[in-house]
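Quick notes on the structure that follows.
The values are calculated or read from the model by the stated rules, or taken from the named source; none is laboratory data. The structure presented is a predicted model; accordingly, all values stated were derived computationally and were not measured. Heads up, the Cβs are rebuilt from the backbone with ideal geometry, glycines too, and the neighbour counts pull from every protein chain shown.
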Amino acid sequence: MVAAAFVQIATAKGADLQLGAKIIAIREDPDAVEISTERQSWRARSLIVCAGLQSDRLARLAGIKVDHRIVPFRGEFYTLPQSRAGLISHLIYPIPNPALPFVGIHLTRTIDGKIIVGPNAVLGFAREGYGKFSFRPRDVIDYLAFPGFWKVAGTHFASGIEEMRNSLWKRGYLAQCRKYCPDLSLADLEPGLTGIRAQAVLRDGTLVHDFLFAETARMLHVCNAPSPAATSAIPIARMIAEKVLTRFERG
């Protein structure tokens, strides 16, 4: 609903929304950037790329040498039954772990009166595979071939195994939830939504916690956005727009 509202506002101001248009080429010259799909092309004075799970690939497509890879992490939520809608009256968040960029399991009241619990952070086997057992060889090979992934895996092996175990073992997930809400029971955890975090990993094994930009004279690629980027979408957009206006549109 929020995304649909953004579309209405943008199109009312003259924006042209193109869905299902795969980008096959990005070329920059001194005067403009040309963006091409299989059917058509556009030329623009400047280009902002906020590609999330495909951000590193589009940066490379544009000729930018990036020293990171996007590694997908699935975040699984459960929804509490309507009978438990009054269980909490406020948001409940854990204290962040400074070693990891993930928020951790928390309890959230939604605008329709429900309560959701999650997410975990499970290594994904497909960049856009929202099913629990989704697998795409290209995506897995991409991060397995990147040295930074193995450094992350070595550093956080124990926590990674625990996240996978709790994804498959509901009682383990419940134990994490009950740290913040002891009244929860196994029956309370009903199937919920799943999201995928586009986590940028540097070649030295650093999990990027903050913004990561790649820039040229006429392009700005947002290669990583910190959590909770979706919640902060409007101020993040304002910051990026100001960055572009001051650098690209001056004069």
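Report, by residue number, each residue of the stretch 162-183 that is among the aliphatic types (A, V, I, L, M) and within 25 Å of Ser89 (Cα to Cα). Leu174, Ala175 - these are the residues of the stretch 162-183 that are among the aliphatic types (A, V, I, L, M) and within 25 Å of Ser89 (Cα to Cα). Considering (1) of a type outside the set (Asp, Glu); (2) more than 21 Å from the chain's Cα centre (by Cα); (3) modelled with pLDDT under 95; (4) not assigned by TED's automatic domain parsing to the domain that holds Lys151, the lone condition that Ile88 does not fulfil carries the number (4). Within the stretch 3-52, being in contact (Cβ under 8 Å) with a residue 40 or more places away in the chain and surrounded by fewer than 10 Cβ atoms within 10 Å (Cβ to Cβ) holds for one residue alone: Pro30. Only residues that are at pLDDT 95 or above, more than 16 Å from Ala99 (Cβ to Cβ) and among the basic types (Lys, Arg) were counted across the stretch 126-162, and they come to 3. Of the helices (runs of 4 or more DSSP H) that lie entirely inside the stretch 133-239, those containing 1 or more residues that are buried (at least 17 other Cβ atoms within 10 Å of the Cβ) and hydroxyl-bearing (Ser, Thr, Tyr) span 137-144, 157-168, 170-177. If the condition is being more than 17 Å from Ile161 (Cα to Cα) and touching a strand residue (DSSP E or B) at 6+ places or on another chain (Cβ under 8 Å), then the stretch 102-117 contributes His106, Leu107, Thr108, Arg109, Thr110, Lys114, Ile115, Ile116, Val117. Residues in the stretch 64-97 that are over 21 Å from Ala198 (Cβ atoms) and part of a loop (DSSP other than H, G, I, E, B): Leu80, Pro81, Ala85, Gly86, Leu87, Ile88, Ser89, His90, Leu91, Tyr93, Pro94, Ile95.
The residue of the stretch 59-88 that is surrounded by the fewest Cβ atoms within 10 Å (Cβ to Cβ), among those that are more than 24 Å from Arg127 (Cα to Cα) and hydrophobic (A, V, I, L, M, F, W, C), is Ala85.
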